[in-house]
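Shown next, in structure tokens, is the structure this report addresses.
Each value in this text was obtained by applying a stated rule to the coordinates, not by laboratory testing. Everything numeric here is computed off the predicted structure, so don't read it as measured data. Using ideal geometry, Cβ is built from the backbone for each residue, glycine included, and neighbour counts are taken over all protein chains shown.
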Amino acid sequence: MGSSWQARLTKVTSNKELTSFLILAALLLVVFPLSMGIFRLNLVGKYLTYAFVAMGLVISWGYGGILSLGQGVFFGLGGYCMAMFLKLEASDPVATAIQSTPGIPDFMDWNQLTALPFFWVPFKSLALSLIAVPLVPALLALLVGVAMFKRRVGGVYFAIITQAIAAILSILIIGQQGYTGGVNGITDLKTMHGWDIRTDSAKYVLYFVNAFLLLGAALVTTGMLKSKLGRLLVAMRDKEDRVRFSGYDVANLKTFAFVFAAVLSALGGAMFTLQVGFMSPSFVGIVPSIEMVICAAVGGRDSVLGAVYGTLIVNFGKTFFSERFPELWLFLIGALFIAVVLVFPNGLAGLNREGIRKSWSGARKRILGLRDRWRRSSSSDAMPPAVKQDVKEAMR
Amino acid sequence: MGNRQYTYRSKLFSALSAACALGIATAAVAADYPTAKVNTTGLAVTDTEVTVGQLHSATGTMAISETGSIQAERLAIDQINASGGILGRKIKIIQEDGASDWPTFAEKAKKLLISDKVATVFGCWTSASRKAVLPVFEKENGLLYYPTFYEGLEQSKNVFYTGQEATQQILAGLDWLVKEKKAKTFFLIGSDYIWPRTSNKIARKHIENVLKGTVVGEEYYPLGHTQFGSLINKIKLKKPDAIYAIVVGGSNVSFYKQLKAAGVTSAKQTLLTISVTEDELLGIGGENMVGFYAAMKYFQSLDNPNNKKFVEAFKAKYGAKSVIGDVTQAGYLGPWLWKAAVEKAGSFDVDKVVAASPNIELKTAPEGYVKLHPNHHLWSKLRIGQVELNGQFKVLYESGLIEPNPFPKGYQ
Amino acid sequence: MTSMSDLFSILIMQGFNGLSSFCVLLLMALGLAIIFGQMGVINMAHGEFLTIGAYTTFVLSEVSQRWAHWMQGSYFIVAVAVSFVIAAAVGLLVEHLMIRHLYRRPLDTLLATWGLSLIMQQIFRSTFGAKEVSATLPDWLMGSVQPTPTIDIPINGLLMMGLTLLMTMIVFIGLFKTRWGVWVRATTQNRIMAGAAGINTRKIDRYAFGLGCGLAGMAGAAFTTIGSTGPTSGSMYIVDTFLVVVFGGAQSLIGCIASAFSIAQAQSTAEFFLTGSTAKVLTLLTVIVILMLRPQGLFSIRVRR
């Protein structure tokens, strides 16, 4: 087993891929920690937790062709599972002695709860909580996935339904504040099994745990994509019917991709809670979910490592520009959304794959193409390029 | 124009110097306060300058509300600088945008405290943003002046709350309703999150246990809800003597417009709110709420010399059309309270400023006299204002100074 | 105590309330039903086109206050029309610059229009300020009709109904009784064949998108009577709007009407017997469960694909 591990690794990753993986590893494990203070490093750690979500989107959207606008739900659920454990540990009877019911989280006490609700009880145990982090989101994803993909709900419909799920869950969490902490979220987390997660040394440790987890996730994901499963996913994205007619159950494949993405997001959420020290319903909503999609798109929607770079760049940009030009920030991010779709559909990974020069000329061609089409459509022609393309495809 | 401004300024400062005679006197002799002595914890204080942070949402959904606080804090800091600064040092502001996003607030709070080493921060608006930054301030031992009226249930060494906590804003208002409007039955309405829920809980206990009235309905709608027809019909069914409303944000506008359209006007119905200030009225439109009541510690129309100067200065800086709500005024108090505490302590060190803060008085506050309680909240009055067509309030009632009580016994 | 006649009045008013929420949902959804249902473009900036209408109303209200007092009572009618024109014009521009390059990639239109919505929000904020504004509405609009002393029928609700009726008629006549409508439907159902039959599908797309945005702007103007006007006001409606269109069966206008009606009635009934938040969650959940069981929505056009 031990010797085959390396063999497998080289089998699943071509040399070029291995190099890019090692570069990323070096960046995360050596360059960042050496070049930044703990404040910036903690910030990077926070961004990297979003990269889990973006990586999940690469699988479900880039490969599976299903775009979920509710990945925040899974990120949030993972984060909440972790936060519930930490909150219970922070609310021991001594620390909460001034409450009318000591030993329960403070927000429950404010809402006249006198006992711990039943679904909180398992989160007294670290082991159970760590199991719940991936399990709860996976079960929800499974339920949603089976229900929708078996009935061949896809594409746009799926996107909108997941968006509504995100809306429901955030209304629920905000409304049920006695059980969930409401709009404030679960805050003031202190220790994990007695280990203070707020200290600088803990932040270093958590950063590295997070980085290793992310690199591990990248390996697993790349490996999965190289397997037969991954090739089926690609085939399904490109010609769903052919895969179906070949005897594969497309619904199962899609459900798998969706659950996989959900579990990755949940890991990110749990690491977020640990590093930032709180969890709130603002992650469950639609806005963060879509922002994570843009991270994946900037990185290149079919590139696992690109997702990490995309997340880092979008979030660094957000921090940088919102500090210096708060007015300009929304224009910039808006323009980025549009540019990535119109001019660089393959994102950073596309730049890397095709080489900077080639993809720049591609982008130029696309821009010139836009201009040409613009000119031509101004002098209204009967059959614009889009239709020509359609006809060509139909004749094929 | 410049001349007039100058005279009002000098007038203002002569008034201020009465209150902070000590401050003005020391301002002239900064050399008496060597940096090494007034700053032993490595804050961003130089011989000529002290850096403070400002952390609000300039973008996103909360920008609607937080803009006023940003402006008021800047005004106060400009005025302090014009009068010689603090311990002979000018205040420099680093403004960060929380972007209506709680993790961003936490991130920017860390940046201000760790990278910029600011001496204090004026900021936050929603409770959620405050809860998100609170652990940061406690761990880094920073200082935060928080301007919004809020639900209470919190007291931190590192935070000063310049708005009212729930009991200050609620109890006296309900007493007034019962005494003046003979209200016996109440309908409680709120947006569905912690502040309205906690406030209504306190209101209900007070109505049932102290005022011996009845609550005939209690309803919550999600933030951003826009259809209040069903709720209005329920109100019509229950016929309460008074509606007690804590609706916030865009929902506010929908609620009052639809209330008016359904014929529920002040001619037929008494309504008291604790969530509508002049800022909100701008969006609702005075004509849609005219005659209803609001309970606040401050209204722009307050008739006292401090407030006249404040309103004049605010309009001179931000335009004649700008309005000032309760939170805006509370934001204005922050820098002045900090200045008073720093000067009393003779130091910028957070621990010394915190130690010097209890019982600090501000006689020049636009709302009148305020005093800082050892529990970090302000002693303040409660006023009842009635909405007028022009989007202002007519002040009908003013209580005595109310002691802040963030953990009210019997109301939890 | 409440008497029987009071209860009856409440029943009437609650029925009217259900109807007016139905109109609100339908007004929001009609434009999107064309853009999304007919053209397959996921326009996440739909809410911002509503906001364009709201701000247009605000600007006209200020103008009438300051310079044209004679139109203070009637400017609102003008505002509804002007909102349509402005929103449609912006829609045409957006279609020209952005959307037309993306017709074959629906999920990408989602990302691009989301970016557009952020940019539009910042434009509103830079132009009108971050604070909410309020158009001064004519008094006749904000009152109520009282058929009996205990029944209040809001006039803005009646206006909303009239407008809904008007817009639905325009859309229906446009789509089903005109040559242009035939072209649109042909393009929707089979773009390639429509093109082969000599229909300029590019032109059809452009005007359909413009019409959808114009309708949104009109709805936005109407919403100033019941809602807020701020940079992010429009985004409050977006989830509900998409749900209405999807629930109805994206390509069916009848479905859109049926879905707006059933969602509005369900919500308004649930709100009356439960509390607001619970009602909202229950309605959304029911819609999702039904969509999972019947993904094509209430009504769907049978097309071989």
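Take the Cα atoms of the protein assembly as shown, find their three principal axes, and give me the spread along each one in whole Å, biggest first.
88, 81, 62
How large is Rg over Rh for the stretch C:65-175, taking Rg from the Cα atoms and Rh as the Kirkwood inverse mean of 1/r across Cα pairs?
When Rh is taken as the Kirkwood radius, the ratio is 1.07.
Using a cut-off of under 20 Å, list every residue of the stretch A:71-104 whose amide N is near the label point 7 Å from the Cα of A:Leu135 along the Cα-to-beta-carbon line.
Output list for this probe position: A:74-89.
At 222 nm, what value in deg cm²/dmol follows for the protein assembly as shown if DSSP H runs of at least 4 each add -39500 (n - 2.57) and the sum is divided by all its residues, to the nearest 500?
Per the formula, -19500 deg cm²/dmol.
Under a no-solvent Debye model with one identical scatterer per Cα of chain A, what's log10 I(q)/I(0) at q = 0.06, 0.12, 0.14, 0.15 Å⁻¹?
-0.27, -1.02, -1.32, -1.47
I need the shape label for the stretch C:205-305. Rule: rounded when a/c is under 1.5, else prolate if a/b > b/c, else oblate, with a, b, c from the alpha carbon gyration tensor.
It comes out oblate by the Cα gyration axes.
In a shell of Cβ-Cβ distance under 13 Å around B:Leu153, excluding B:Leu153 itself, what net charge do Lys and Arg (+1) and Asp and Glu (-1) give?
Residues close to B:Leu153 contribute a combined charge of -1.
Looking only at other chains, what is the average number of their beta-carbon atoms within 10 angstrom of each beta-carbon in A:168-178?
6
Have a look at the DSSP beta bridges in chain B and tell me what percent are antiparallel, nearest 5.
If I count the DSSP bridges inside chain B, around 30 percent turn out antiparallel.
Report for the protein assembly as shown the percent antiparallel among DSSP-assigned beta bridges with both residues inside it, nearest 5.
In the protein assembly as shown, approximately 40 percent of DSSP beta bridges are antiparallel ones.
Please give every one of the lysines within straight-line cross-link reach of C:Lys203, meaning a C-alpha to C-alpha distance under 24 Å, and leave out same-chain neighbours fewer than 8 residues apart.
Result set, ordered by chain and number: A:Lys388, A:Lys392, C:Lys177.
Let's test the formula: R0 of 30 Å, r as the Cβ-Cβ distance of A:Asp249 and A:Val220. What FRET efficiency results, to the nearest 0.05?
Plugging the Cβ-Cβ distance into 1/(1 + (r/R0)^6) gives 0.85.
Which residues' amide hydrogens lie under 5 Å from the amide hydrogen of B:Ile86, considering only partners 5 or more residues apart or on another chain, with H built in the peptide plane?
B:Ile91
What fraction of the DSSP beta bridges in the stretch B:47-111 is antiparallel, stated in percent and rounded to the nearest 5?
Once the DSSP bridges in the stretch B:47-111 are tallied, antiparallel ones form about 10 percent.
Show me the three semi-axes of the equivalent ellipsoid for the stretch A:172-218, from the C-alpha gyration tensor (sqrt of 5 times each eigenvalue), largest first, rounded to whole Å.
One finds semi-axes of 28, 17, 8 Å for the stretch A:172-218.
Counting only C-alpha contacts under 8 Å and six or more residues apart, can you give the relative contact order of chain C as a whole percent?
So the answer I get is 34 percent.
For chain B, state the average projected area of the convex hull of the C-alpha atoms over all orientations, rounded to one decimal in nm².
18.6 nm²
Please arrange A:Trp120, C:Trp70 by counting, for each residue, the other beta carbons lying within 10 Å of its beta carbon, fewest first.
So the ranking, lowest neighbour count to highest, is C:Trp70, A:Trp120.
Taking every alpha carbon pair in the stretch A:172-312, what does the distance histogram look like in 5 angstrom bins from 0, in percent?
2, 8, 13, 17, 17, 15, 12, 8, 5, 3, 1, 0
Taking 7 Å along the Cα-to-C-beta vector as the label spot, tell me the C:Val63-B:Asn390 distance in nanometres, rounded to one decimal.
Going from the C:Val63 label point to the B:Asn390 one covers 2.7 nm.
Using only Cα atoms, what is the ratio of the radius of gyration of the stretch B:233-392 to 2.2 N^0.38 Å?
Dividing the Cα Rg of the stretch B:233-392 by 2.2 N^0.38 Å gives 1.24.
Indicate the helices, whole DSSP H runs only, in chain C that combine a mean Kyte-Doolittle hydropathy of 1.6 or more with a Cα extent along their long axis of 27 angstrom or more.
C:4-32, C:75-97, C:155-177
Would you mind putting B:138-149, A:229-240, C:267-278 in packing order, based on average other-beta-carbon counts within 10 Å, highest first?
Put in order of decreasing packing, that is B:138-149, C:267-278, A:229-240.
Pairs of alpha-carbon atoms within less than 8 angstrom and 6+ residues apart define the contacts here; what relative contact order does the stretch A:1-160 have, in percent?
The value is 21 percent.
Taking Cα atoms, how many degrees apart are the long axis of helix A:286-299 and the longest axis of chain A, rounded to 10 and kept between 0 and 90?
Roughly 50 degrees between the two axes.
Using a Cα-Cα cut-off of under 15 Å, which aspartates and glutamates could be cross-linked to A:Lys203, ignoring same-chain neighbours fewer than 8 residues away?
Within the straight-line cut-off, A:Lys203 pairs with B:Glu107, B:Glu140.
Across peptide B:103-113, how many C-beta atoms of other chains are within 10 Å of each residue C-beta, on average?
Mean shielding by partner chains, rounded to a whole number: 4.
Considering every residue in A:67-80, what mean count of other chain Cβ atoms within 10 Å of its Cβ is obtained?
1
Taking Cα centroids, how far is the stretch C:229-305 from the stretch B:364-400 in Å?
45 Å
For B:Ser156, project a label point 7 Å along Cα to C-beta. Then give me every residue of the stretch A:267-284 with its amide nitrogen under 14 Å of that point.
Only A:277-279 fall inside the zone, counting backbone N under 14 Å.
Leaving out same-chain residues fewer than 8 places away, which aspartates and glutamates sit with a Cα under 19 Å from that of B:Lys181?
Here the aspartates and glutamates satisfying the reach criterion relative to B:Lys181 are B:Glu208, B:Asp241, B:Glu388, B:Glu398.
Relative contact order (percent) for the stretch C:160-302, with alpha-carbon contacts under 8 angstrom and 6 or more residues of separation?
17 percent
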